[in-house]
Every structure is written in structure tokens, then in C-alpha cells.
1. Roughly how many nanometres apart are two label points built 7 Å out from the Cα toward the Cβ at residue 288 and residue 328?
2. Using 0.36 nm per residue of separation minus the Cα-Cα distance, give me the extension gain between residue 237 and residue 277 in nm, one decimal.
3. For the range 91-159, take every pair of Cα atoms, bin their distances at 10 Å starting from 0, and report each bin as a whole percent.
4. Around residue 379, what is the net charge, scoring Lys/Arg as +1 and Asp/Glu as -1 over all other residues with Cβ under 14 Å from its Cβ?
5. Among 303, 319, what is the fewest-to-most ranking by other Cβ atoms within 10 Å?
6. Would you kindly state how much longer the chain becomes between residue 147 and residue 74 on full extension, computed as 0.36 nm times their sequence separation minus their alpha carbon distance, in nm to one decimal?
7. Long-range amide H contacts for residue 196: which residues qualify at under 5 Å (H placed 1.01 Å from N, peptide plane, sequence gap of 5 or more or a different chain)?
8. In whole Hz, what ³J(HN,Hα) sequence does the range 134-149 give by Karplus (6.51, -1.76, 1.60; θ = phi - 60°), x for Gly and Pro?
Amino acid sequence: MKKFSKILMSGLAALCLWACSDEANVSRPTDTENDVYVEFGVQLMQGSGSRSTTTDGENGGSNSTGGAEVGKNYENSVKEILLVLTKADGSPIVSQHLDVEPKEDGKYPKLVTTLDRSALEAYKKGEIYVYAFCNPTSTIDINDLTHSVHELSGEPKLLTDNDEIWKKDAFLMSNHNLVKVANSTPNTVWNWEQYTETNRLSLGIISVERACARFDFKENCYPAGEASNTYVLESDKGVKVQLTDMVMVNISKSFYYLRRVSKNGLADNIELCGQETPNNYVVDTDADKKNGNVGETYKKDYFFNNFLSNSTDEWKGKFTSISSLTEEDNDDSWNAGHNRNGYKIWRYATENTIPAPNSNQKNGISTGVIFKGKLQFDKSTYGVTNNQPFMYITMCCMALGRKWKMRLMLPMQTKA
């Protein structure tokens with residue numbers, strides 16, 4: 001759920017490795033004589049490389065399936081890693097910050113560092129789990145990783161001038177899955193003195209995922225032959241709408257550093273770093289508030305650009321002009337035939353998931369996109385004497401995970 005996935009959402013309704021470097025590229029503590037040597041790998045989680053498609057959901061909605069993309073070099077780059085080893089209950093054993101030399105391909109097959117032996121000596125027996133936070137923020141609570149939450153300090157900017165979680169060349173990433181060290185068990189005995197520079201402890205490969213989703217947009221029209229981003233509403237009367245701008249609403253203000261899932265989407269009996277499946281839900285920081293009737297106070301406190309706020313001024317002045325989008329991402333790893341060209345990068349967004357049942361998603365709390373369009377019609381037919389009016393189209397409402405990336409293309413058709 002925290003990988004960058006391409007999600008194609010089609011329709012005016014709602015279709016809407018690096019991490020480890022060479023040993024020579026890693027900074028190490030200056031006093032390593034009595035420390036424990038470890039090595040590990042970190043890689044960005046990558047899926048099938050296909051863009052997802054959108055299918056009809058319940059009550060006229062739509063569902064999207066995700067396929068992963070590598071992303072831009074500046075979205076993959078790693079400069080720093082926070083490595084944390086914990087006990088089975090999540091309490092910390094030891095941690096280490098490592099500076100990593102970024103590489104253009106974003107691949108670091110092996111990372112070597114040392115850990116404080118005095119901290120490790122206090123833990124002689126039991127399971128050990130390892131976590132990697134790439135380009136970490138200062139608010140990660142290593143003493144309680146299970147509940148560590150990032151709160152955005154202000155409304156996030158569209159692109160990579162944001163200074164928190166999607167800063168250019170420093171996107172925040174964290175574990176995609178739970179990694180146990182050396183298949184350890186509750187009965188594993190640790191002899192820390194044996195792990196030297198020539199006999200390092202292998203921590204394994206840690207797959208990570210970015211902590212945000214990216215939205216791309218592709219110009220289209222309906223039916224074929226119409227002007228760009230123009231859609232016929234009533235063909236017999238010549239009524240059309242040309243989309244000009246778009247804005248995202250209900251952007252969540254917080255998220256867990258480590259993804260977790262449960263059977264009902266609530267915080268009971270969670271599986272930390274568990275994988276999202278058709279039979280479970282990703283748990284959000286405010287899942288209990290979204291469970292049932294949701295009041296206006298909640299929406300104001302937990303969202304930027306609250307769609308159901310008392311005033312549309314919350315989001316009306318924040319539209320992005322579609323014509324201003326210029327940067328494409330047509331990496332051959334997912335687009336070898338170049339038949340998916342034309343999508344342009346729009347913006348990033350934070351995780352916003354909703355617990356079961358599906359009726360909870362009818363409270364105006366899903367992340368959504370509002371398009372602004374200019375109506376085109378024969379003014380005399382409708383008795384209009386002034387300029388052609390604009391209309392707002394609410395669409396693409398979704399429970400937003402950390403899919404990389406979300407792809408918007410109109411109108412009502414599904415593309416593979």
C-alpha cells in the first residue's frame with residue numbers, strides 16, 4: 001500500500017534499489033573496535049510494472065488495482081537511513097543513522113555499518129526485527145515504532161518543494177514488510193562478540209515503500225475527435241464541457257510511519273507491515289473517528305481542503321491549471337511499448353483509508369479530485385446572455401493508500 005503504483009481512474013464518475021550503498025559509500029562511527037558489524041540491503045518495493053485498471057464497484061463506484069513503477073530518480077534517491085532493531089514487542093534494542101551516497105539508478109546491494117555493542121549486550125535471547133527509514137524525518141519515535149505518527153506541519157505543496165515527506169531527492173520511505181533477523185526465534189541466543197568486520201551479522205534485505213501517492217493526469221476527450229479535455233454531455237443539444245483545472249480535496253493531515261492492516265480497518269489486532277488483501281483493510285491514524293457517522297469537527301481537524309467544509313473557499317482557490325502540467329514519466333520498465341505515454345505528473349498526497357463497512361465511505365471523507373470545466377453550448381437555446389459559465393465536477397473519490405501512482409484519465413473507459 002505504500003509503494004508507488006499506477007492507478008488508472010477513467011470516467012466522469014470515478015475512474016479515475018536502492019537503499020544500500022557500497023561499503024565505501026557509507027559513513028560509520030569513528031570508534032568501531034568494540035562494536036558489532038552488520039550488513040543489510042534495502043530496496044524499493046517494485047511490483048509487476050503494469051499500470052492498474054479500474055473496475056465497476058458497488059453503488060456505481062469504481063475500484064482500482066495497483067501496479068508499481070520505479071518513479072523518477074529524484075523520487076528514488078536516498079541520502080540517509082535510520083536503521084532500528086527491535087524486540088518482538090516493538091521495543092527498541094539499538095538504532096543507527098547512516099549517510100548514503102545517492103546513485104543515479106537508486107540501487108545499493110549491500111550496506112555495512114556497526115552497532116553499539118553495549119546496547120546489544122542487554123539483549124541476549126529472543127527474536128529481532130529490523131526497520132529501515134530512508135530519508136527519515138525528525139519525528140519518528142523509535143521508542144514506539146508501532147504507534148509512531150507523522151503530523152504534517154502545514155498543507156503540503158503539490159510537488160517536490162515540500163520539506164517533509166516528498167522533498168526532491170529525499171522522499172520518506174519505510175518498511176514494506178516485516179523483516180526478522182536471521183530467522184530468529186524466542187529461543188535464539190545472541191553472542192554479539194562474534195560479529196566482527198570479517199564476520200558480519202546479516203540483517204537481510206529490507207523492502208521499503210514511499211510514504212505517499214503520486215497523481216498523474218493524461219489529456220483526453222469524448223467522443224474521439226473533440227478538442228483536448230472536452231466531453232460531450234448532450235450530443236443532440238451540443239452541450240459540452242472542457243476541463244481546465246483540478247484540485248484535490250480531503251488530504252489527510254497524518255499517517256503512520258509503518259503501514260498496518262486489520263480485518264476491519266480498526267486498530268484492534270493489527271498486523272504491522274502486513275500486506276493489503278481483498279480480505280483486510282489498511283488502518284489509518286483516525287480509523288475510530290471514521291467508523292460510523294462523521295461530524296464536521298472531525299473533517300476540519302483531520303483534512304486539508306475539506307470537501308464538506310462550511311465554505312468552498314477551503315479549496316476553491318487551490319486549483320491547478322491542467323495546461324500547466326509538463327513533466328512526464330514514461331520509464332521503459334513499465335512502458336516498454338510506449339503506448340502509455342502522455343501522463344503528466346500533477347501532485348503527491350498522503351494516505352487516507354477508511355475502515356469497514358463500505359458504507360463508511362459515504363461520509364464525504366474519501367480523498368477526491370474536483371475538476372473545473374467551462375460549459376460550451378448555444379446560449380440562445382438556454383436563454384443565457386452573459387459569459388459561458390463554469391461547472392465543478394466531483395469525481396475520483398477513493399480510499400487513498402500509498403499506491404504509486406494514481407493515474408487520472410477521462411472519460412468513462414478503462415485502459416490497461
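1. The modelled label-to-label distance comes out at 4.9 nm.
2. Contour length minus Cα-Cα distance gives 9.8 nm.
3. 13, 38, 34, 13, 3
4. Details: positive: 237, 240, 374; negative: 378.
Neighbour charge sum, excluding residue 379 itself: +2.
5. Details: 303 22, 319 16.
With the sparsest Cβ surroundings first, the list reads 319, 303.
6. Stretched out fully, the residue 147 to residue 74 stretch lengthens by 23.4 nm.
7. Result for residue 196 returns 37.
8. Values, residue by residue: 8, 6, x, 8, 7, 9, 5, 9, 5, 7, 8, 4, 4, 10, 5, 10 Hz.
Throughout, read-outs are computed from the coordinates displayed, never taken from laboratory work. All values reported here derive from a predicted model rather than from experimental measurement. Ideal geometry is used to build each Cβ from the backbone, glycine not excepted, and the neighbour counts take in all protein chains shown.
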